[in-house]
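Derivation of every value follows stated rules applied to the coordinates shown; laboratory data play no part. What you see is a predicted model; the values in this text were computed from it and never measured. Don't worry about glycine lacking a Cβ; one is built from the backbone with ideal geometry, like all the others, and counts go over all protein chains shown.
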Amino acid sequence: MTMPDANYVSANGRTTNLLNLSCAFAGAVLAGFLLTATLACAEQPRFTDELQGKVVSVADGDTVTVLVNKEQVRVRLDGIDAPESNQSFGARAKQALSGLVFGKTVTIKKTGTDRFGRTLGVIMVGDLDANAKMIEDGWAWHYKQYNQENRLAQLEDAARQAKRGFWADPAPLAPWEFRARQRTPGPVPETSDGSPLAYWLNVSSGVRHNSTCEHFGQTKRGRSCGPDEGRPCGKCGG
Ligand SMILES: [Zn+2]
């Protein structure tokens, strides 16, 4: 998505209170099961509406436009976050979502609307949950900040272990981190004499990045380095 994180307003938060009420009632009846019931309910996505239409464009790996009754509806896939268009794997993620939904008649299980009027929802192609499929294939992250579904967390773990999609990269950059970096560029590492070191070494993977790379100065365990340290990054050439 291209909007800042703050603009992503999931309906999940809104519906949680209602949900907890019904859970609390269940708990009053079956006190022993209160915790279980609350947890189970908290994991269920709430669908406020259901729309059908044809996907007429795919903006990126988590945003599409669907023609619903001759009206174009912009849909942000709920619970996932795909690499940005100008980020590594952004084009691949868009391709992946296109392959799943483009030109197809889909059902949008609506979960809410963000403040810009984008519909948040789960896109179903027949029985296929496209949101979950994007995570399963390693082309989207589970957007844990806004979604707590265990099912999606497990799909992400499996994709990571199998190195599917962008998980083939030893340290793929989460889109929300990428966006944060776009807003506030990280400090350029410097040598002791004050001149900037041109390369960044990921200490965990031993991969070296040059200053044009999105991983430059960004990996959790890393430091500045010279051109002969580590092995070159496959994307930026190190
Ligand atoms: Zn690199």
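Over the Cα atoms of region 91-152, the radius of gyration divided by the Kirkwood radius equals 0.95; this is the Rg/Rh ratio. Sorting the Cα pairs of region 84-238 by distance into bins of 5 Å, from 0 upward, gives 2, 9, 14, 17, 18, 14, 9, 7, 6, 3, 1, 0, 0 percent per bin.
Kindly rank 219-232, 75-88 from highest to lowest mean number of other beta carbons found within 10 Å of each residue. Could the numbers behind the result be given before it?
Working: 219-232: 14.3, 75-88: 24.1.
Result, highest mean first: 75-88, 219-232.
Taking 7 Å steps out from each Cα toward its Cβ at Lys220 and Ser85 produces label points 3.2 nm apart. With each label modelled as a point 7 angstrom along the Cα→C-beta vector, the Asp157-Thr107 pair spans 2.9 nm.
With R₀ fixed at 25 Å, the C-beta to C-beta distance from Asn150 to Thr212 puts the FRET efficiency at about 0.05.
Residue separation times 0.36 nm, minus the C-alpha to C-alpha distance between Gln52 and Phe116: what's the value?
Working it through step by step, the gained length comes to 21.0 nm.
Spatial offset of region 148-178 relative to region 64-122 amounts to 19 Å, using the alpha carbon center of each. Eigen-decomposition of the gyration tensor built on the alpha-carbon atoms of region 49-167 gives equivalent ellipsoid semi-axes of 22, 15, 13 angstrom, largest listed first.
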